[in-house]
Amino acid sequence: MEATVSTPVLKAATFEGMPKKKRDFFNSIVFHVLVGGFCIIMLYPILWLFGSSLKGPAEIWTNVFALIPKEFAWGNYPEGWKGIGGVSYTTFYLNSFMYAGLGTVFAVATSALVAYGFARIRFFGNKFWFTCMILTLMLPSQVQLIPQYIFYNQLGWVNTYLPLLVPRLFGQAFFIFLMMQFIRGIPRELDEAAEIDGCSRIGIFFRIILPLIWPAIITSAIFSFYWTWEDFFQPLIYLNSPKLYTVSLALRASADPNSVTNWGAIFAMSSLSLIPVFLVFIFFQRYLVQGISTTGIKG
Amino acid sequence: MFGKKQGRSTFIALLALLLIAAISYACAPAAQPTQAPPTSAPAATQAPAATTAPQSTTASAENVELRIAWWGSQVRHDQTIKVIELFEQKYPNIKVTYEYATFSDYWPKMTTEAAGGNLPDVMQQDYAYYVGFVNDGLLVPLDPYIADGTIKLEGVTDDLLNGGKVDGKLYALNAGTNSQSFVIDLDMFQKAGVDVPKPDWTWQDFQDVSNKIHDKLGVFGNGGDLTNIQIVNCLFLSLGEGLYSDDGKSLGFTDGQPLVDYFQRMLDMQQAKSMISREQQVADKETIEKNTFTAGKSAMYFAHSNQVLAVYKAAGPDRHLKMVPVPRAVGAKQSANYFKPSMFWSVTSQAKHPKEAAMFIDFYTNSVEANKIMLAERGIPISPAINAAIAPDLPPAQVEAAAFLKALQGNVSPIRPPDPGKHNEITTNIWGPQVVDPIMYGQITPADGVKLYMTEANKLLGAATKP
Amino acid sequence: MSSLVQPTTQDTPAAPMQRRAKKKSLRHDNRAGYLFIAPWLIGFFGFTLLPMAASLVLAFTDYRLTAAPHFVGLDNFQTMFLQDPRYWKSVRATFFYVFTAVPLRLIFALGLALLLNNTRRGISAYRAAFYVPSIVGASVAVAIMWRQLFGTEGIVNALLWLFGIPPTSWIGNPNTGIWTLILLAVWQFGSPMLIFLAGLKQIPQELYESASIDGANAWPQFINITIPMLSPVILFNLVLQMISGFLVFTQAFLITEGGPLDTTLFYALYLYQRAFVTFQMGYSSAMAWVLLLIIAVFTALTFKFSSNWVFYEEKRD
């Protein structure tokens, strides 16, 4: 089997007349030049950000366009890490990891179960509830904020992570719908075969469905982690005590365009804040690369 | 799954939501957010405040948890937190929790808290916002605390306090004074052979200076956007008027011609390239640290005196900078400058510990140690004793700002009454998008733009007075 | 193969009765259904429904956050439709964005996902590189960064100057301002790309193998296997990108704040300004529910027409 079997559209662009080996080599060169070049364009802004994080206060707004600073101001990093008013980024990172980590686990795990219910079981009201769920995605969150706040305030949840985390325990519409679409791509014969073998519904979910929608779960986890990590508005509203602040909230609170701001430190901490998200992506994408075992799926 | 039934399902779902909404609105008033804002009328607000924490002026001897909120950036956060720690040392029974955010995040957070009846005890306030809070009964007058000596205002002149008064009651205490200024680059002025502007210079002089500097040096005369409503306020102030009338029920001027001339001047300067183009203003979105002035590409920059420190820092130590007052309108009657409380401290009606809140405001205002930490970051302190005490410690830019304000003393116009509650709506929805942008992008003439502004703003201000 | 080439969404009517009956037992089960979706239902009734309903009620009031609301009937809607020029500007900007940024972003994401769905050396690095722009998100840094890139002296002008194109203020020019935001959205195509990649992974390789044996070329394979097998995921991305396109907020909030001349005043941004800058939550809620209706119509239409091109493996009998 060829290594590059999966992307037919690439093959369409190959050079028909050449001998196969040479053609592959040539293809490879073209691929790397094109994709690699494009990569650099994609990455330029990020490189700029990292470059700026190493510029001193005298350089940061006067030598704006340079990627490499004239003088490396490594001090921006320890300076930025000190955080605000004695609460350092160590605290902010711990909070962010807790929030993004738990939030992701909650959201993804429940969403998978619910997705299975919606996608595979026919029950009274299925379509109605599904429609309701999609509708919840369409109302701008800004106008729901005040009623939510009043509700959580009466529960005594303000200034804790409860209003941020508890709703995630009940699944999130985006991930539910995403996983549903993947479940619906799985042939039903598999469920049936398992049922005939005496598998319960829960069994089918765990043994058949879950392994097959693994790419969707991984993708959801990557998104959920990132979206939670960068979310600042909910933490801004619900968290009062700076000891509870997340990284993205601390970053926003540090930079006001109308008063003295330590931009070098902001850029440094902004750059650093990309790393956990990036690592989560790198870690999880291995599972995307491997793909899933398709044995047992009828073609 | 989504066949023809889709449309019907959507319809039923919407209908159901509507029904539930109607039912919940009808039968559960107590649990509903429509009822939750505890401030249905200013009079009513004093009552709940009084039950939870009597408006008495006795401090609780028990342990008290005080909540304080402000906006700013990291430097202000760090300094204010240190001040809070000093306060806690002085009053061991008071434990302070604090909330900070940037200006643009602060208001969503505070209004949400107000809606939830959960405002902090002490709240930093802004000239353009606090009247709205007072009108909605969310702030309490500080006069009782001044009367009983909790907040001491020795030697503080009335002109520094008047900005925080509504109907004669002090709701917001000046946390620091600033005034409007242009920072100029002395080297550029000298190289271009232009004299340093006199304190009574006019916008005509401003235009001449800008053009001359541009012709000689090729740099912009002015960096930054001069369509800020604060500058327009100064313009009318110098003519003996103001942006809003004294009662806040209409604009403060009836003849829009000075404003028309002002816009025409901006357009002419952009035409002459002595001022950066509107496009560049919008694109580069200058901040006090990142702008053509700090980058050495323009000779003048508008800033409030408490922001000058940031401008000086970003411009670097090699530049020779100076602050001059804002230009006046041609034919001005008085100075275009006034002493503005750059921000305020106020006690909210939802405060659980108003007495301790007042104690913090007093500490911030009168503690030498606290002000040696703040070093006029929020503007020059109102207490003369404090000013004398911190003078030796001020960094050069702050020394200059203090000297600038001192030089203005006796030569500023009286401050206008605070902006009416509709100010935000007028600037956000009318002034910026419907007046400034269309004029500066050449879509409408300055005359038409000013006419539209006056009509629409007066309509909103007038409507606001209706019951 | 032939059944694959012909995507059908209807159950084949000719299926044997016996099989049908058994399937029904597996498919129709109220108890199990509600059990599985119970978590979502609890969340919906516990946390979502009340705020939604409250915002609907507030749409008919003059609620301004710091004072109790009063019922004002249809006033908000009347002002919105008849007296607010900025409202229509926001509608225009949003539709423009949805119909440009969303298709461009999806095409980019699909193209790159196809390109990166192989096992060449270094492919993970490329994939990571393409995903990185999507994680810079909502920080203040991205706003400053983007303004620098498109600034008067930014890298974009520098590059274009090489080709003899005169520099301009891309963000400040009313004709180009919105395009910088569209470009930003396209640049951050990482999330739909990942979803496409995951979808591609789910396509059984055997299909391609047997097609190759049958002598099918790359293009027919793409049309007959990749697209139909990927269609549920394409539908997902289309619907969700469209919804998030209508709700576009962050980029304009951080970078342009609606300017120049309100050309980037997206609906959700204007709604936010009304809610949290001028504190007109009643008006904002009214806007939000009109937006919900608009999105619902477009989503329903998309679902309706999806039966023509979306192929569900589960329905293939």
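The values are calculated or read from the model by the stated rules, or taken from the named source; none is laboratory data. Since this is a predicted model, take the numbers as computed values, not measurements. Cβ atoms come from the backbone with ideal geometry, glycine included; neighbour counts cover every protein chain shown.
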If only one of A:Leu165, A:Leu190 is modelled with pLDDT of 90 or more, outside any loop (DSSP other than H, G, I, E, B) and more than 9 Å from chain C (Cβ to nearest Cβ), which one is it? A:Leu165
Which numbered condition C:Met145 misses (of (1) more than 26 Å from the chain's Cα centre (by Cα); (2) at the interface with another protein chain (Cβ under 7 Å from one of its Cβ atoms); (3) part of a helix (DSSP H, G or I)): (1)
Regarding the stretch B:67-74, can at least one residue be identified that is closer than 23 Å to B:Ile146 by Cα, modelled with pLDDT under 90 and in a loop (DSSP other than H, G, I, E, B)? no
In the set B:Ala315, B:Ala299, the lone residue that is closer than 30 Å to B:Val83 by Cα, of a type in the set (A, V, I, L, M) and not assigned by TED's automatic domain parsing to the domain that holds B:Val96 is B:Ala315
Looking only at the stretch C:35-47, filter to residues that are facing chain A (nearest Cβ under 7 Å) and in contact with a Gly (Cβ under 8 Å, 6 or more places away or on another chain); which one of those is surrounded by the fewest Cβ atoms within 10 Å (Cβ to Cβ)? C:Pro39
Being in a helix (DSSP H, G or I) and closer than 30 Å to B:Leu160 by Cα, is that true of even one residue in the stretch B:416-424? yes
Between residues in the stretch B:380-397 that are more than 19 Å from B:Phe363 (Cα to Cα) and in the same structural domain as B:Gly155 (by TED's automatic domain parsing) and residues that are of a type in the set (Phe, Trp, Tyr) and outside any loop (DSSP other than H, G, I, E, B), which pairs lie under 7 Å by C-beta distance while being six or more apart or on different chains? B:Ala397/B:Tyr312
Which strands (runs of 3 or more DSSP E) does the stretch B:295-377 wholly contain that include 3 or more residues that are surrounded by 23 or more Cβ atoms within 10 Å (Cβ to Cβ)? B:298-304, B:344-347
Boolean, C:Ile223 is closer than 20 Å to A:Leu178 by Cβ and of a type outside the set (Ser, Thr, Tyr): no
If we keep only residues of the stretch C:205-224 that are closer than 23 Å to A:Tyr287 by Cβ and touching a residue at least 12 places away in the same chain (Cβ under 8 Å), then the residue surrounded by the most Cβ atoms within 10 Å (Cβ to Cβ) is C:Tyr208
Which ones in the stretch A:132-162 are facing chain C (nearest Cβ under 9 Å) and part of a loop (DSSP other than H, G, I, E, B)? A:Leu137, A:Met138, A:Leu139, A:Pro140, A:Gln144
Residue selected from the stretch A:193-213 under the condition within 10 Å of chain C (Cβ to nearest Cβ) and buried (at least 20 other Cβ atoms within 10 Å of the Cβ), by the criterion farthest from the chain's Cα centre (by Cα): A:Arg201
Write out, first by first residue and then by second, each pair whose Cβ atoms fall under 8 Å of each other, whose residues are 6+ apart or on separate chains, and whose first residue, in the stretch A:112-131, is in the same structural domain as A:Ala173 (by TED's automatic domain parsing) and surrounded by fewer than 22 Cβ atoms within 10 Å (Cβ to Cβ) while the second is assigned to a helix (DSSP H, G or I) and of a type in the set (S, T, N, Q). A:Phe123/C:Asn30; A:Phe124/C:Asn30; A:Lys127/B:Gln6; A:Lys127/B:Ser9; A:Phe128/B:Ser9
Restricting attention to the stretch A:98-127, report how many residues are among the hydrophobic types (A, V, I, L, M, F, W, C) and over 13 Å from A:Gly171 (Cα atoms). 6
Could you run through the stretch A:180-207 and say how many residues are of a type in the set (A, V, I, L, M), farther than 25 Å from A:Trp129 by Cα and without any contact (Cβ under 8 Å) to a residue 60 or more places away in the chain? 3
In the list B:Tyr145, B:Tyr127, which residue meets the criterion of being more than 8 Å from chain A (Cβ to nearest Cβ), aromatic (Phe, Trp, Tyr) and touching an Asp or Glu at 6+ places or on another chain (Cβ under 7 Å)? B:Tyr127
Taking the stated definitions as given, is C:Ser191 among the hydroxyl-bearing types (Ser, Thr, Tyr) and surrounded by fewer than 21 Cβ atoms within 10 Å (Cβ to Cβ)? no
Are there any pairs, at least 6 apart or on different chains, whose C-beta atoms fall under 8 Å, with the first in the stretch A:21-39 and in a helix (DSSP H, G or I) and the second among the charged types (D, E, K, R), and if so, which? A:Ser28/C:Arg120; A:Phe31/C:Arg120
If you scan the stretch A:258-293, which residues turn out to be modelled with pLDDT under 85 and surrounded by fewer than 16 Cβ atoms within 10 Å (Cβ to Cβ)? A:Arg286, A:Val289, A:Gln290, A:Ser293
Is the stretch C:198-220 home to any residue that is at pLDDT 90 or above, within 19 Å of the chain's Cα centre (by Cα) and within 7 Å of chain A (Cβ to nearest Cβ)? no
Just to be sure I understand, how many residues within the stretch B:264-279 are among the hydrophobic types (A, V, I, L, M, F, W, C) and buried (at least 21 other Cβ atoms within 10 Å of the Cβ)? 4
Only residues that are over 22 Å from B:Leu173 (Cβ atoms) and in a helix (DSSP H, G or I): list them for the stretch B:392-415, please. B:Pro392, B:Asp393, B:Pro396, B:Ala397, B:Val399, B:Glu400, B:Ala403, B:Phe404, B:Ala407
Residue list for the stretch C:272-317, filter: more than 30 Å from A:Arg120 (Cβ to Cβ) and under 19 Å from the mean Cα position of the chain (by Cα): C:Ala288, C:Trp289, C:Val290, C:Leu291, C:Leu293, C:Ile294
In the stretch B:299-316, which residues are away from every other protein chain (no Cβ under 13 Å) and either β-branched (Val, Ile, Thr) or more than 16 Å from B:Ile231 (Cβ to Cβ) (or both)? B:Ala299
